[in-house]
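Report on the structure given below.
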Amino acid sequence: MSGGEEEEPFPLDINPMYEGERVRKEQMFVELGGPKKPGFELVICEEEPENVSDGRVTLIGPDLSEMQEGESYAYAMIYKVYGKEVEKDLEAVLERRNHEFQSYIQGYMHLNQRADIWVRISKDAIRKGLKSLKQIAKATVMLYKSELPFIEKMEAIYITDEDEVLRRIKEAEAVYRARDEKARGLHDEDVDEFYQCTLCQSFAPTNVCVITPDRVALCGAMTWFDARASARIDPEGPNAPIPKGECIDPIGGEYTGVNEAAVRLSGGAYNSIKLHSFFEKPHTSCGCFEVAGFYIPEVDGIGWIHRGSKVTETPIGLPFSTIAASVGGGRQVEGFLGIGIQYFYSEKFIQADGGWRRVVWMPSDLKEKIIDAIPEEMRDKIATEKEARNIEELKEFLRKVNHPVVKGVIRPVDGVKITEGWGEVAEEAAAEEVAAKEVAEEAVKGAVATEKRAEEAAVSSATAEGAVERAEAVGGEAHAAEALAKPAVPATATVPASVSAGTLMIPITVDISALLPVLEALVRRAAESEGSVGGGGLKITFKDAEIRVGKVILKKSGREKKESG
């Protein structure tokens, strides 16, 4: 189908209030692109005005009236733009604005960017009179030209024929690739300012999207060059400069200017961000990020999965959608992180947490896509679903390839060891720690039991002392010895049947510190009754005993002594 037909009035309301509107599955008439079908959006800036037919709309493939309700279809949106002030560098900027402008349309949900677009049209929009995708295209062109007056001419080509979408998507990906490669030569330290992007705040109100030379926008559609060009042509638009300020942490990527922007853009929800950290004060995540990262505590490593992956589950048992829901919405979540695919190519890729040496898993389709971003020495050490479908398989694989996480990760940027590892040596140490903890628990139980026996011994002391007094009253050494031979001793002590004169031999297990009061009482009584026991004193022999006083251990009546650690 082509343009030239009688223009139909647009039946739907167009207003920024519809930004963030979701069309749920039960409300959906059709789905375009998304997880089931291919799709992309592309802006081509033309240098010659004759290459653009202003206002023309072309549709290749079935229109809405030819689609089945509830089904999914391929979808491509291509815009050709001309203007004296329009430069090639603006292509990515204008392309990203398609998300903003189409989100103004009631009943039309637009998500994501580039080759990840996901569109749903509601049943209510059809009921209100939406009949053709051409109507959507015309409304979108109108929004572009009214919001960005430097655009003099604009043409739209929409495609729903799946074969044609698949053919042209290869051309679009080549354009995306060329843009990304251009941005890789510049680094954070080479510039004085970064840029913000607020396009996703309709979906994620507290999101703080900071675009730097070393960190592409989460959606992957905006590099630092793109954001700079956008800020210059549209100062009141979604992109504005962020002065870097002072660098607080060069490894984590923390700057005073970014922290100030975090407070302002998040409405006070966050006051600090580290651009290149996964765990400490990580960058917030919106809802348009291309890849989601997740921490795997069992191996102390990080896994990644991208939007649209053919792999449905990760080793932690969660698909992309669930992981994305855990971090999306403009939140700062330690252990989860949304990124743009091009961040994998950054020299500062999560450098605070070990960079690629901390990555342990990603789906095979993502690994193949970014294989040239992975350092050569790490390519065979990162598992995919082919090697590991669960934690145990992942552990086995990482041991087999001797992944850095097994023995401990040494951070490449500064040579600091940031993890301890969990291999055989680490596991033995952990086992020893568990054993030591069990011994300590038993010692505590023993101390409690000893204290109880000490209390019982104290009772025995009082009984024994009373017996001595009674024996003295009767008068006679034999009576006193007999009384001492029958104390109410603790349950762990036994009194022998025969006692030699002057010697009281009691096999007893007791903490000496607790027994001291008993001994003192007996010695004091013996001293007061000179000559009554043993002819002038009390002799107590500890046979085959082990007596602990603090850390000192006395053995066999004190003849052996050693220090205990």
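Normalised by the number of residues in the range 16-185, the average gap of Cα pairs under 8 Å and 6 or more apart makes the relative contact order 37 percent. Taking the 1.4 Å solvent-accessible surface of the range 24-128 as the whole, the part contributed by carbon and sulfur is 42%. With the simple spin-label model, which puts each label point 7 Å out from Cα in the Cβ direction, the Glu87 to Lys131 separation comes to 4.4 nm. Taking the 1.4 Å solvent-accessible surface of the range 190-407 as the whole, the part contributed by carbon and sulfur is 47%.
Roughly what % of DSSP beta bridges within the range 16-185 run antiparallel, to the nearest 5?
DSSP beta bridges in the range 16-185 are roughly 55 percent antiparallel.
Think of the range 9-158 as a dipole: +1 on every Lys or Arg Cβ, -1 on every Asp or Glu Cβ, centred on the Cα centre; then among Gly70, Ile14, Met142, Gly70 lies furthest on the positive end.
For the residue pairs Lys281/Lys367; Lys348/Lys395; Lys310/Lys369; Lys37/Lys153; Lys310/Lys367, the C-alpha atoms sit more than 20 angstrom apart in Lys281/Lys367; Lys348/Lys395; Lys37/Lys153. Centre-to-centre separation between the Cα atoms of the range 87-118 and those of the range 146-209: 8 Å.
Note on Leu166 and Phe10: their simple-model spin labels are 3.4 nm apart, each label 7 Å out from Cα toward Cβ. Highest-first packing order for the peptide set 13-24, 67-78, 334-345 is 334-345, 67-78, 13-24, based on the mean count of other beta carbon atoms within 10 Å. Each peptide in 136-144, 205-213 receives the mean, over its residues, of other Cβ atoms within 10 Å, and ordering these scores from highest gives 205-213, 136-144.
Highest mean first, the peptides 184-190, 263-269 sorted by other C-beta atoms within 10 Å per residue fall in the order 263-269, 184-190. With the simple spin-label model, which puts each label point 7 Å out from Cα in the Cβ direction, the Glu236 to Ile410 separation comes to 5.7 nm.
Accessible area per residue for the range 179-252 is 38 Å², calculated with a 1.4 Å probe on protein heavy atoms, without ligands, DNA or RNA. Calculated accessible area for the range 66-120 comes out at 29 Å² per residue, all protein chains present (probe 1.4 Å; ligands, DNA, RNA ignored).
The values are calculated or read from the model by the stated rules, or taken from the named source; none is laboratory data. Keep in mind the model is a prediction, meaning the values are calculated, not measured. Methodologically, a virtual Cβ is constructed for each residue, glycine included, from the backbone with ideal geometry; neighbour enumeration extends over all protein chains shown. Calculation scope for accessible area: heavy atoms of the full protein, side chains included, ligands and nucleic acids excluded. Shrake-Rupley method; radii C 1.70, N 1.55, O 1.52, S 1.80 Å.
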